[in-house]
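Okay, so here's the structure we're looking at.
The values are calculated or read from the model by the stated rules, or taken from the named source; none is laboratory data. If you're wondering where the values come from, they're calculated on a predicted model, not measured in any experiment. With ideal geometry, Cβ positions are generated from the backbone for all residues, glycine too; neighbour counts draw on all protein chains shown.
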Amino acid sequence: MLKDLHDRSTLSVLRSRGWAGPLPCLTPDHAATLASHVRTLDWKPQAAWSKDLAVRDRWIWDLASSEKILRDVRPLLGEDIILWGSSVVAREPGQAHAWHSDIEVWDAQETDAVSVWIGLEATSQASSLRFIDGSHRAGISVQEAAVDLTSDARTGEALLRLAQARWGDEAALSTADAWDGAMLMFAGGTWHGSLNTQSEGTRFALLLQFARADLRIRQPDWSQLNWSFRFDDSVQPPVLCVSGDPDIASQAGNRVVSPPSASPRSMWDSSQSLASLRPQVHAWHSPLAIAPGGGWQPTAFFEGYTQGLRKISSHASSLTPGDSPHIPHHHDDEEFLVMLSGEADLHFGDGPDDPSPELVRVKPGDFVFYPAFAEHAISCPDDATEPAQYLMFRWNASAAWGDEVSEPMVRQKPRNINDYYPATGSGFASRLIEEGPTTCLSLLHMHASTVEQGSGYPSHEDEYDVAIVLLEGAVETLGKRVQAPAVLFHPAGTSHGLQAVSESPARYMVLEFHHAADPDLPPPRQVSLLRRHLQDWWQRCRPPQSHRPR
């Protein structure tokens, strides 16, 4: 009932004055996360078509094609909708976004094209969009109406006088009182502009531009931004079908392209696409190999995607004294580090230009979670007597933009896994380390386990991906004896069990990656019938053991 009232109210207001809002869209935390994300993207401001972020970036596509956005767009445009523009608009204090009508849809009404503007950072009434109410029905662009005015003279007040002279006192000048995470909607032909009058803080906003699928989008001639408009039909802007039948858009003369891949390219070789992951077992001899002549030497264990993770990889690295694998940087992946041997310094900053990043020394057994967009680096101290060796997990998934979830986990001070192992004497015991939502996961769960010889848990399947870092002892799993150090990975829906087989207890750390299955990822490859048969036979032959306590 309330949603129906919301839909009718938004629709009525937009049809009446040409724009509606502000409407709640993203939580403040998600707006901040998206602001960090768009900073990692190439905006291509000088490109022939600079409104293609959703074509190139999966997170932008996910938001633009989400029901959170489309539920307000469909009542205006119908079921068959294209996304023809997606861009970031940044305005520094004192900087204006000149009054204009979007050339591609300058004569469009609210049933033809609708733009969605989402404030991401430093958004307030002082930095928000301004509109001339009713201008979407004028049938004339700002550029034509103000053709006799210089750019400096095209103020909101001057344009209001022009509008009132054309269609009377119904015209009004409005400023939206928006905030970070708020959404504004406006018809394609609505006159709009902005001026960031804040004393500090660059305002970032995401602009998503939608149209009926049968409306042809043409490339403007960027050398002629004033009236009369010209178009360059030698270039066809890429459009994405976000709802309905893409053939309708193609028949209208639009160039419909596919959304960006749900699963990205390999982090080790960008020419390689990722494959779905099978259960993984990787053991190595300690210490790890060292790079000839010194430096960073990674040892890749696995990389791919699962039902819900668009990518996950694991590798162990060796880093010689005085060296670092990269400068401080950030990305939209989440990471988890476990120190294996030696010592390292972790560098955490507020941004790439932070003059005094936090320096944290980590030792064997220390572990730390890196949230998405954390500015970080790692180095081996100059005075270290041995290389730093560490294990990394790195993953990504669809961000839950706008969903009402608990505040995501943040980076904490490193902790040591040895402080969490349960005492021996009970056969099998586990102890919770931490659990909570992240930007990419509904829940990241971590616990430590101690398992004595002959104990373990039976074969079973989980609805989430599981990684196990075996740091002491030996276990038998998937028909193999595995000696520490080792990393095991069990994708959701694959059968796995474990039994300790060494005289000394097996000790390991578990990470559970809870997530919703991603419908855009190909179905995972199943465990072969032969492997499943061998697993079942192994379980029948060994004494029954209880599963770990939750």
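Inspection of region 183-200 finds no residue satisfying the criterion of being of a type in the set (Val, Ile, Thr), farther than 24 Å from Arg17 by Cβ and out of contact with any Pro (no Cβ under 7 Å at 6 or more places or on another chain).
For region 410-487, the strands (runs of 3 or more DSSP E) that sit wholly inside it and include 1 or more residues that are within 25 Å of Leu337 (Cβ to Cβ) are 428-436, 443-451, 465-472, 474-477, 480-483. If you go through region 248-271 and pick out every residue that is assigned to a strand (DSSP E or B) and closer than 16 Å to Ser313 by Cβ, you end up with 1.
Taken as a whole, region 97-108 holds no residue that is at pLDDT 95 or above, in a loop (DSSP other than H, G, I, E, B) and farther than 22 Å from Asn396 by Cα.
With respect to (1) of a type in the set (Asp, Glu); (2) outside any loop (DSSP other than H, G, I, E, B); (3) closer than 20 Å to Thr10 by Cα, the lone exception for Asp177 is condition (2).
One residue stands out in region 197-247 among those that are more than 30 Å from the chain's Cα centre (by Cα) and not in a loop (DSSP other than H, G, I, E, B): the one that is surrounded by the most Cβ atoms within 10 Å (Cβ to Cβ), namely Pro220.
Right, Asp152: assigned by TED's automatic domain parsing to the domain that holds Phe204 and closer than 25 Å to Ser12 by Cα or not? Here the answer is no, as Asp152 does not meet what is asked. Checked against (1) surrounded by 21 or more Cβ atoms within 10 Å (Cβ to Cβ); (2) out of contact with any helix residue (DSSP H, G or I) (no Cβ under 8 Å at 6 or more places or on another chain), Ala113 passes all but a single condition, namely (2).
Considering Pro352, Pro364, Pro357, Pro422, which residue is surrounded by fewer than 19 Cβ atoms within 10 Å (Cβ to Cβ) and more than 30 Å from Asp323 (Cβ to Cβ)? After applying the criteria, what remains is Pro422.
Inspection of region 279-286 identifies no residue that is farther than 25 Å from Leu498 by Cα, crowded, with 18+ Cβ neighbours inside 10 Å and touching a residue at least 40 places away in the same chain (Cβ under 8 Å). Note on region 357-395: among residues that are in a strand (DSSP E or B) and among the hydroxyl-bearing types (Ser, Thr, Tyr), the one that is nearest to Glu335 (Cα to Cα) is Tyr370.
Within region 272-313, the set of residues being in contact with a Phe, Trp or Tyr (Cβ under 9 Å, 6 or more places away or on another chain), among the hydroxyl-bearing types (Ser, Thr, Tyr) and not in a strand (DSSP E or B) comprises just one member, Thr306.
Looking only at residues of region 29-70 that are surrounded by fewer than 22 Cβ atoms within 10 Å (Cβ to Cβ) and closer than 30 Å to Ala172 by Cβ, we find that the one that is modelled with the highest pLDDT is Leu70.
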